[in-house]
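Working notes, beginning with the structure itself.
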Amino acid sequence: MSAPIFSNAQTRGFGRFLAVAVPYGWFLVFFLAPFLIVAKISLSTAATAIPPYESLVSWADDGALVLTLHFNNYKLIFSDPVYLIAYASSLRNAAVTVIFTLLLGYPLAYFIASRSAKWRAPLLMLVMMPFWTSFLIRVYAWIGILKPNGVINSALLWLGVIDKPLDILNNQFAVYLGMVYAYLPFMVLPLYAHLEKLDWSLLEAAGDLGARPARVFREVTLPLSMPGIVAGSLLVFIPAVGEYIVPTLLGGPDTLTIGAALWNEFFSNHDWPVASTVAVALVVLLVGPLMALQNYQAKEEQKP
C-alpha cells in the first residue's frame, strides 16, 4: 500500500491555514486595499471631476526618497463648522436610533425567546420579513404614510382627532422614526440569540427565593443578556452613523449628515480628496466602537 502524500498533521495544518487565510484575505482585498486607496486620495490635491493620480512617493535628484502629503483636507473638515455639524448630527441620529431600537427590540426579543420552539421560527421570520423588500421602497412607503395627505393624517382627520394635518414629515422626528424602523431587526436578532440561550431555571430560582420580577430582570436577565445588548448596539450604531437615504428622504434636503456631506463632495462638488478625507475620518471615528466591542468580547471569553 502506498503512503499518503500528505500526513494527517499536514492536512490539519493546511486546514487551519485556510481557516485563517480566507477571512484575512477577504479583509485585505475588500477593506484594507480600498481603504488605503481612499486614504491616498485624501492626502492628494484636488483634480477636477476625476480622482487625483499624483504619486505621494517620489525620488529627488540626489536619490533621496520624497514623501509628499497634503493635510489641508483634514484641516478643512476639522475647522469647517459644516463638517463638524454633519458629524455631530450623524452621531446624534445613530445614538438615538440605538436607544429606541434597544427599548423596542429588547421586549420583542425577550418575547420571542420565551415562546415555545414551534413559535420562534415564525416570529423571527416576521422580524426579518422587511429585508425581503428593497430598503429604498420601504423608505418611500414611509413618505406615503407620513405626508400631509398620507395614511396617518388622513386617519386622524377622519376620526376627528385633529383639525389640520400634522407636520410629521421632513423633520427630525421622521428621521428618527425611519431609522428606528430600518435598524430594529439588527437589534432584535443578536438580543434573541443571547436570550434564547438563557437558562430560564435561574429566573425561576430567583423568583422562588423571593425576588420580584423587576429585581430578577435587573440582577439576572439583564447581566446575562449584556453581550447581546452590546453586539446589537454596535450593529445598529455603526451603519446608522453613515446613513444617507433615510435622513435625505424623510428629513428633507436640508438635513445635514455625514452621508449627505459625502454625496455632495463626490457628486456635486466633484472634489475627490475632500470626499475621501470625510470617509477616512468616518472610518477612524468608528474604529473606537469596534475596538471596544473586541475588548468586551475578549473579557467575556476570559470569564469562567
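Table for the structure above
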{"item": "Proximal charge balance of LEU76 [Cβ under 15 Å; K/R count +1, D/E count -1]", "result": "-2"}
{"item": "Full-extension gain in nm, LEU104 to ILE238, via 0.36 nm per residue minus C-alpha separation", "result": "46.4 nm"}
{"item": "Residue order, fewest to most surrounding Cβ atoms within 10 angstrom, among TRP272, TRP26", "result": "TRP26, TRP272"}
{"item": "Exposure proxy order (Cβ contacts within 10 Å, fewest to most) of ILE245, ILE162", "result": "ILE162, ILE245"}
{"item": "Förster radius 35 Å - calculated FRET efficiency between LEU28 and LEU69 (Cβ-Cβ, nearest 0.05)", "result": "0.90"}
{"item": "Three-way shape label, the range 201-265, alpha-carbon gyration tensor, a/c 1.5", "result": "prolate"}
{"item": "Helix-only [θ]222 nm of the chain, DSSP H runs n ≥ 4, -39500 (n - 2.57) each, per residue, nearest 500", "result": "-21000 deg cm²/dmol"}
{"item": "Theoretical FRET efficiency, 1/(1+(r/R0)^6), r = Cβ-Cβ of PHE111 and MET226, R0 30 Å, to 0.05", "result": "0.95"}
{"item": "Estimated FRET transfer efficiency (VAL287, ARG138; beta-carbon r; R0 22 Å; 0.05)", "result": "0.15"}
{"item": "Pair VAL96, LEU209: separation of 7 Å Cα→Cβ label points (nm)", "result": "4.2 nm"}
{"item": "Gaussian network model of the chain, Cα within-10 Å springs - most flexible of ALA113, ALA260, ALA214", "result": "ALA214"}
{"item": "Proxy reagent accessibility, fewest Cβ within 10 Å first, across TYR140, TYR110", "result": "TYR140, TYR110"}
{"item": "The chain: DSSP helices with Cα axial extent of at least 18 Å and average Kyte-Doolittle hydropathy no lower than -1.0", "result": "8-27, 81-113, 172-195, 226-241, 272-302"}
{"item": "The chain, relative contact order in percent, only Cα pairs under 8 angstrom and at least six apart counted", "result": "28 percent"}
{"item": "Cross-link partners of LYS118 among lysines (Cα-Cα below 30 Å; sequence separation of 8 or more within a chain)", "result": "LYS197"}
{"item": "Where the Cα pairs of the chain fall when distances are cut into 20 Å bins, in %", "result": "23, 46, 26, 5, 0"}
{"item": "Label-point gap, in nm, between PHE267 and PHE131 - each point 7 angstrom along Cα→Cβ", "result": "2.6 nm"}
{"item": "Projected label distance in nm at LEU157 and ALA21, using a 7 Å step from Cα toward the beta-carbon", "result": "6.6 nm"}
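A short reminder: the numbers here are calculations on the coordinates, not readings from a lab. A quick note: this is a predicted structure, and the numbers were derived from the prediction, not measured. Note: ideal-geometry Cβ built from the backbone for every residue, glycine included; neighbour counts use all protein chains shown.
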